[in-house]
Amino acid sequence: MDGVTEDPWRAKLTAEEFKVLRQGGTEAPFTGEYTDTETVGVYCCRACGAELFTSDTKYHSGCGWPSFADADPDKVTLLEDSSLGMVRTEVRCASCDSHLGHLFKGEGLAPKDLPDQRYCINSISLKLRPKTD
């Protein structure tokens with residue numbers, strides 16, 4: 001990514017948001033605003049506002065980041081990530097290509113009524129839109 005194409009994102013996002021969303025960084029575990037949130041609603045991409053995850057698939061995995069058991073495949077893009085000496089699945093916003101976090105499968109952490117996978121997502125990549133009655 002060159003600096004010219006990223007300039008609009010630098011203007012819109014805070015330095016920490018930019019580091020995670022546009023440069024693939026990670027916030028420290030147990031520090032994000034949505035790690036323990038149980039508010040009912042939709043989690044949107046902080047960069048572009050696209051709806052990504054719903055609270056009905058969010059669960060407490062104990063990993064230090066918000067965890068979701070499922071995502072609409074049209075809303076996220078999954079890419080192989082071989083950084084840090086391991087192979088993982090990176091999760092990106094399908095609308096703006098911002099980094100959200102990683103997907104892990106087969107850990108046995110999800111509640112029994114949800115898929116056995118964990119979309120481990122940085123809080124700073126999300127903006128919760130609470131459900132209003």
- prompt: Within the range 27-41, how many residues turn out to be surrounded by fewer than 16 Cβ atoms within 10 Å (Cβ to Cβ) and under 19 Å from residue 98 (Cα atoms)?
  reply: 2
- prompt: If we scan the range 7-21, do we find a residue that is buried (at least 16 other Cβ atoms within 10 Å of the Cβ) and touching a strand residue (DSSP E or B) at 6+ places or on another chain (Cβ under 9 Å)?
  reply: yes
message: Considering only residues that are part of a loop (DSSP other than H, G, I, E, B) and more than 16 Å from residue 20 (Cα to Cα), which ones fall in the range 105-123?
response: 106, 107, 108, 109, 110, 111, 112, 113, 114, 115, 116
- prompt: Pick from the range 124-133 the residues that are in contact (Cβ under 8 Å) with a residue 60 or more places away in the chain and more than 13 Å from residue 17 (Cα to Cα): which of them is surrounded by the most Cβ atoms within 10 Å (Cβ to Cβ)?
  reply: 128
message: Among the residues that make up the range 92-104, is at least one of them more than 20 Å from residue 25 (Cα to Cα) and in a loop (DSSP other than H, G, I, E, B)?
response: no
- prompt: Which residues, counting only those in the range 117-129, are touching a helix residue (DSSP H, G or I) at 6+ places or on another chain (Cβ under 9 Å), under 15 Å from residue 50 (Cα atoms) and not small (Gly, Ala, Ser)?
  reply: 124, 128
task: Only residues that are of a type outside the set (Ser, Thr, Tyr), surrounded by fewer than 20 Cβ atoms within 10 Å (Cβ to Cβ) and in contact with a strand residue (DSSP E or B) (Cβ under 7 Å, 6 or more places away or on another chain): list them for the range 80-91, please.
output: 80, 81, 87, 88, 90
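The rows are residues; the columns are (1) in contact (Cβ under 8 Å) with a residue 12 or more places away in the chain; (2) closer than 27 Å to residue 116 by Cβ; (3) within 15 Å of the chain's Cα centre (by Cα).
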position	(1), (2), (3)
12	yes, no, no
34	yes, yes, yes
46	yes, no, yes
67	yes, yes, yes
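Yes/no per residue for (1) among the aliphatic types (A, V, I, L, M); (2) touching a Gly at 6+ places or on another chain (Cβ under 6 Å); (3) over 29 Å from residue 5 (Cα atoms):
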position	(1), (2), (3)
54	no, no, yes
58	no, no, yes
63	no, no, yes
80	no, no, no
83	no, no, no
105	no, no, yes
109	yes, no, yes
112	no, no, yes
task: Please identify the pairs in which a residue from the range 71-90 that is of a type in the set (Gly, Ala, Ser) has its Cβ atom under 7 Å from the Cβ atom of a residue that is surrounded by 14 or more Cβ atoms within 10 Å (Cβ to Cβ) and at pLDDT 95 or above, counting only partners at least 6 apart or on another chain.
output: 71/52; 71/53; 71/119
- prompt: When residues of the range 25-70 are filtered for being small (Gly, Ala, Ser), touching a helix residue (DSSP H, G or I) at 6+ places or on another chain (Cβ under 8 Å) and either within 15 Å of residue 120 (Cβ to Cβ) or in a loop (DSSP other than H, G, I, E, B) (or both), how many remain?
  reply: 4
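The values are calculated or read from the model by the stated rules, or taken from the named source; none is laboratory data. Computed from a predicted structure; not experimentally measured. No Cβ is skipped: glycine too gets one built from the backbone with ideal geometry, and neighbour counts run over all protein chains shown.
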